[in-house]
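Single-structure report; data block below.
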Amino acid sequence: MHAPTAAELLSVWENGLRQGPIDHALGLLEAVYPEQSAEALAELSIGERDAHLLRVREVLFGPRITSTTQCPRCSERLEWESEVAELCVKEGRISNQELCVEAEAYRLTFRLPNSRDLAALSDGKDRSNDRRTRLLERCLKEASTPEGEALRFEQLPEAALQAMIHEMDRADPQSNLLISLTCPACGHCWEALFDIVSFLWAEINNWAERTLRTVHLLARAYGWREADILAMSPTRRQIYLEMASQ
């Protein structure tokens with residue numbers, strides 16, 4: 001894993017201003033894992049991709065995560081904290097190999113969803129209202145009866161599709177990370193989905209805006225170039241910033 005410099009991370013952030021969440025995730029991974037091709041990173045299962053992003057988050061901002069959410073019952077705002085390691089799902093086995101499941105006398109062979117699949121469903125070309133159905137259809141490789149008769153996707157009953165979804169969740173549990181929460185105001189308990197892509201990008205956006213303000217103030221105070229300021233450690237930048245404000 002390559003720890004990006006401040007200049008490299010700002011470049012990823014700048015490119016991301018014109019992109020969506022899927023490109024945000026892949027852009028970060030490409031910067032941190034330069035030894036892997038963009039194609040290979042895009043073909044990671046969603047859970048494996050998110051597991052990598054959790055490690056990226058730890059490298060960039062440390063092992064402790066603090067987030068806020070809203071109680072769905074009383075609308076109280078609450079804060080929760082966790083270690084990155086606690087958010088890395090241990091059970092299950094993430095795999096990009098073929099998966100098989102049998103249900104309702106049907107045999108289904110399929111693969112796990114990846115970023116390419118999500119991009120195909122959000123680029124405007126897929127006009128289907130049922131994103132779940134389209135995603136499952138993209139991931140299905142073969143479907144057949146016990147006698148070996150090949151079936152089309154639309155011939156599969158809901159029970160077979162539900163079995164396919166269940167097996168996907170079992171094989172790639174990191175892709176659906178739920179946080180157990182309790183509201184301190186009303187005592188309501190629920191599970192909230194934690195999206196590392198949007199969470200991490202929000203942190204990077206806040207960091208980038210703070211960093212650019214620091215560069216602006218130091219460049220104005222000392223006449224230094226942006227590259228020289230970014231090459232400094234965060235500690236040195238902060239010390240110079242405090243002296244410049246005196």
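The values are calculated or read from the model by the stated rules, or taken from the named source; none is laboratory data. Everything numeric in this text was worked out from a predicted model, so none of it was measured. Please note: Cβ atoms are built from the backbone with ideal geometry, for glycine as well, and neighbour counts cover all protein chains shown. Ligands, DNA and RNA are stripped out before the accessible areas are found, and what is left, the full protein with its side chains, is counted by its heavy atoms. Shrake-Rupley method; radii C 1.70, N 1.55, O 1.52, S 1.80 Å.
Among the conditions (1) assigned to a loop (DSSP other than H, G, I, E, B); (2) at pLDDT 95 or above; (3) in contact with a helix residue (DSSP H, G or I) (Cβ under 9 Å, 6 or more places away or on another chain), Glu35 misses just one, which is (3). Does Leu181 count as in contact (Cβ under 8 Å) with a residue 24 or more places away in the chain, in a helix (DSSP H, G or I) and surrounded by 14 or more Cβ atoms within 10 Å (Cβ to Cβ)? So Leu181 does not fit the description; no.
Wholly within the stretch 47-123, which strands (runs of 3 or more DSSP E) include no fewer than the required count, namely at least 1 residues that are without any contact (Cβ under 8 Å) to a residue 60 or more places away in the chain, of a type outside the set (Lys, Arg) and crowded, with 19+ Cβ neighbours inside 10 Å?
The strands (runs of 3 or more DSSP E) meeting that bar are 106-110.
Scanning the stretch 26-46 for residues that are of a type outside the set (D, E, K, R), out of contact with any Asp or Glu (no Cβ under 8 Å at 6 or more places or on another chain) and either closer than 17 Å to Leu121 by Cα or in contact (Cβ under 8 Å) with a residue 24 or more places away in the chain (or both) yields Leu26, Leu28, Leu29, Val32, Tyr33, Pro34, Ala42, Leu44. Among the residues of the stretch 192-214, those that are open to solvent by 70 Å² or more (accessible area, probe 1.4 Å) and within 16 Å of Glu14 (Cβ to Cβ) comprise Asn206, Glu209, Arg210, Arg213. Residue selection: Arg220 satisfies the criterion of being farther than 15 Å from Phe110 by Cβ, without any contact (Cβ under 8 Å) to a residue 12 or more places away in the chain and of a type outside the set (Asp, Glu). In the stretch 32-46 there is at least one residue matching the filter, namely being charged (D, E, K, R), farther than 30 Å from Cys183 by Cβ and buried (at least 16 other Cβ atoms within 10 Å of the Cβ). In the stretch 140-155, of all residues being part of a loop (DSSP other than H, G, I, E, B) and without any contact (Cβ under 8 Å) to a residue 12 or more places away in the chain, the one that is least open to solvent (accessible area, probe 1.4 Å) corresponds to Gly148.
Residue-level check: of (1) within 19 Å of the chain's Cα centre (by Cα); (2) assigned to a helix (DSSP H, G or I); (3) not polar (S, T, N, Q), Met164 misses just (1).
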